[in-house]
Every structure is written in structure tokens, then in C-alpha cells.
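The values are calculated or read from the model by the stated rules, or taken from the named source; none is laboratory data. The model shown is predicted, which means the values in this text are computed figures rather than measured ones. Positions of Cβ are backbone-derived with ideal geometry, glycine not excepted, and every protein chain shown enters the neighbour counts. Only protein heavy atoms, including side chains, enter the accessible area calculation; ligands, DNA and RNA are left aside. Shrake-Rupley method; radii C 1.70, N 1.55, O 1.52, S 1.80 Å.
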Amino acid sequence: MNGAATPSQPADSDTSDARDAHAKKQTRSSDKSKFALWNTRSLRNKTTSVTDLILNYNLDILAICESWLHGDERDNHVIADLKKSLPDFTLYQVSRQTRGGGVCVLLRQSLKVNLNATEVYTSFEYIDLSLQLKSLVMRLVVVYRPPSTKGSKGGTSVFYDEFTALMESCGNSSHNLLITGDFNLHVDNPENND
């Protein structure tokens, strides 16, 4: 999401003061970056909420599961809204052509980013990025595993096999590793066999 300007506002003193206070709040003096994860269950109708979350918590990185983005012209209005509201952020996404799913990451443009090569797995979707966070290089993997449904082939065992393969591929990296996402594994519910 490059180059979009925020909407202009009247330059009265209240607005200028609020904008100056917000700019001061955005200034960061430490080497720390702020990160959050959100399963939005459709980013399409939540761009204002996403913008508020990023601005209110001064986030540098927001990982999103279940973006419900398609990776085509149907996403244009969502991406335009995000560019307009968050001109200092870039959207990286792995979309699904069918309903639901998809993962994306909104990153502050001051971070250096490389999109790592990915494999295709049948039991989950993911995005794999290498980030330069000031003096630290970190590998960020965001995973979304849909809940199993009756009649799905393999279920959890396929996920465990495929996720193990992903972890083995990450083991070759010398960078710090952060794996996050929505795995739909409900370990807090003993009656859930998934």
C-alpha cells in the first residue's frame, strides 16, 4: 500500500493540535516493534476497525487471519480504504479464491520485508515473511487452518504432517522465528476430537 495520502482536514487549531499529539505518539525511540494478530472473519467490512486498532495501539505489524480477500478486483475497495487510512503501511496477502480464509499482514513501510518462498499445503494457508526490525531480522509465519468439517479427508493428522513439514523448512533459517495464527485446535475443550 504505497503512496496514498490521507484525506485533508480543516486546519483549525483543535484538529492541528490533535494531529500533532498523534504524530508525537507515533514516534518510537526504542528498538521494539508492536505486533498484534486478529482473526477478522472478513476484512472487507472492518477496515475502519483495523485502522483504529493500528493507530490506537501504535502497531508496526498486524497479522490477519480469515481476511476473506480474493486477490483480484473484488478487493479493490478494501485495499483503497486501507491505503487511504494507513498510508505508511503495506499489505502482504495470501488470498483464497473461494469464500473465507486467507491471511495477510499489514506492515509499517519503514520495515524491510522479503516474501519467502512457500509450499502449497491442503490443510492450512500461510504467509512467510522475513522482516528487518531495526537491528533484528525476524521470520514471521502467519497460519490459518480452517476448522475440520465432517467428511474432510485426513483432518488433524494431515495438518500435523503438513505443519511438521513447514516447521522443518523453517529450521533452516538463522533468523528469529515467530509463528502465529489461528490453528483451530481447541485444546481447552476435551470433547473436541479435532
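Structure above, values below:
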item	result
Amide H contacts under 5 Å for residue 89, placed H, 5+ residues apart	109
Net charge dipole size for the stretch 91-189 [Lys, Arg +1 and Asp, Glu -1 on Cβ; Debye, nearest 20]	360 debye
Heavy-atom accessible area ranking, 1.4 Å probe, most first, across 57, 160, 144	57, 160, 144
³J(HN,Hα) computed for each position of the stretch 109-123 - Karplus, 6.51 cos²θ - 1.76 cosθ + 1.60, integer Hz, glycine/proline x	5, 6, 7, 7, 10, 10, 8, 7, 4, 10, 9, 9, 10, 8, 9
For the stretch 89-143, size of Cβ-based charge dipole, Lys and Arg +1, Asp and Glu -1, in debye	220 debye
Accessible surface ranking that places the most exposed of 83, 134 first, with a 1.4 angstrom probe	134, 83
